[in-house]
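Undergrad: Below: one structure in structure tokens.
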Amino acid sequence: MLRVIKKLFARSQENEVQFTFESFPERLINGYRRAKGKIYKFLKFRYKWYFYPEARKVPKFPMNIHMEASSACELKCDHCFRQYMDMRENQFMSFEMWKKIIDECKNYDDLYTVKFSMRGEPTSDPDLPNKISYAKKMGIPEVWINTHGGNLTEEFTRKLLEAGPDWITVSLDGLDEMYESIRKPQKWDDIFIKVKRLKRLRDEIAPNIILNTQGLWSAIKHDPKEYYERLRPYFDRIVYNSDMNFKEIALVPDPNYVCPRLWTSLAITSNGDILKCPSDFEKDEVIGNVRNKTIKEVWDTEQEKNRQSHLSGKKNTSIACKKCHHGAIKVPKKIDVKEDISFIAKEYKYKDDFDGVGLNRKK
């Protein structure tokens with residue numbers, strides 16, 4: 001029973017690539033905030049999210065859909081795969097396409113989260129607040145936004161919060177000069193003003209929205225306590241990610257790894273292409289398009305083929321899966337982490353012999 005409770009309120013990542021500064025009681029509090037007003041749907045969703053992949057049980061519809069309001073981005077971040085890959089897309093999703101997607105999603109109880117978190121910057125799309133508002137109006141239980149925060153002017157921030165998203169993550173890789181060396185060409189002083197304003201307006205307009213921030217481990221490893229203490233007043237939750245060294249690290253895929261994403265999620269790009277997961281950055285395996293296929297059709301047919309491929313040990317016949325860092329061994333390995341930082345998540349096991357990005361490269 002305790003295992004079930006921990007799973008229901010644990011962090012939501014499918015794989016251990018992200019780690020939290022939260023204590024277990026804080027996770028419960030943030031889980032309760034996610035569930036507020038929809039507790040039955042939330043608990044049902046969390047149960048399915050963790051135990052359906054283990055049991056190889058397929059829900060009738062994806063529980064989570066990664067969306068691209070935008071496949072464009074203004075930044076040239078030092079660590080981002082966009083600098084080393086061809087996205088084959090650079091546009092905003094039309095509202096008509098968005099409406100078509102949401103009008104299908106609203107008919108399925110399994111769908112819980114629509115997440116703006118793929119290859120582009122969602123706030124680049126000026127129509128993002130309208131898209132969020134429509135999704136909430138149609139009864140989508142949870143809408144997430146991942147953003148670099150650079151477009152959060154006061155006017156846009158107000159519109160965004162009034163639209164009613166449930167979760168906003170602002171990516172802050174390090175502080176001060178470290179941040180500027182990674183999130184080019186943004187400036188720390190400017191982004192920090194926007195962060196403080198976001199918190200103030202959130203408290204004023206929509207206090208139930210969860211504010212989360214995430215950063216690269218290599219950008220904070222020299223002093224993670226300072227990172228935590230400077231940002232904690234403005235965020236409900238702070239996490240850090242393993243560096244994905246797209247430029248220098250080689251991946252050795254495990255043919256026997258069975259990815260749980262195939263039982264939980266799909267991804268849809270800004271032009272309507274459906275992907276098996278959001279890690280198919282270069283669209284190597286488009287499995288449908290919402291213009292001429294329903295999400296349900298793709299989930300029951302093409303995604304089912306992907307599930308069976310993994311279960312039969314043929315994962316590495318997929319171009320996208322062979323490129324993916326989930327379930328792969330990254331070489332080289334091991335980095336020296338200070339042992340005296342007791343508040344860092346105990347389960348953290350960093351395996352990349354990689355100094356990091358930004359200012360770390362210059363060392």
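Undergrad: When the range 32-41 is examined, which residues are found to be basic (Lys, Arg) and either part of a helix (DSSP H, G or I) or surrounded by fewer than 15 Cβ atoms within 10 Å (Cβ to Cβ) (or both)?
TA: 33, 34, 36, 41, listed by residue number.
Undergrad: Counting only residues that are within 27 Å of residue 142 (Cα to Cα), surrounded by fewer than 20 Cβ atoms within 10 Å (Cβ to Cβ) and in contact with a helix residue (DSSP H, G or I) (Cβ under 7 Å, 6 or more places away or on another chain), which one in the range 62-92 is modelled with the highest pLDDT?
TA: Per the criteria, the residue is 74.
Undergrad: For the subset of the range 42-59 comprising residues that are of a type in the set (Lys, Arg) and either out of contact with any helix residue (DSSP H, G or I) (no Cβ under 8 Å at 6 or more places or on another chain) or free of Cβ contacts under 8 Å to residues at least 60 places away in the same chain (or both), which member is least open to solvent (accessible area, probe 1.4 Å)?
TA: Among them, the one singled out is 46.
Undergrad: Would you pick out the residues in the range 11-28 that are of a type in the set (A, V, I, L, M) and either part of a loop (DSSP other than H, G, I, E, B) or modelled with pLDDT of 90 or more (or both)?
TA: 17
Undergrad: Here is a follow-up. Being without any contact (Cβ under 8 Å) to a residue 40 or more places away in the chain and in contact with a strand residue (DSSP E or B) (Cβ under 9 Å, 6 or more places away or on another chain) is the filter here, so list the residues in the range 91-122 that pass it.
TA: 98, 102
Undergrad: I'm checking my understanding of the structure. Among residues of the range 29-41 that are in contact with a helix residue (DSSP H, G or I) (Cβ under 7 Å, 6 or more places away or on another chain) and within 29 Å of residue 243 (Cβ to Cβ), which one is modelled with the lowest pLDDT?
TA: That would be 31.
The values are calculated or read from the model by the stated rules, or taken from the named source; none is laboratory data. Being a predicted model, the structure only gives us computed values, none of them experimental. All Cβ positions, glycine included, derive from the backbone under ideal geometry; neighbour counts span all protein chains shown. When the accessible area is computed, the model is the full protein with side chains, heavy atoms only, and any ligands, DNA or RNA have been set aside. Shrake-Rupley method; radii C 1.70, N 1.55, O 1.52, S 1.80 Å.
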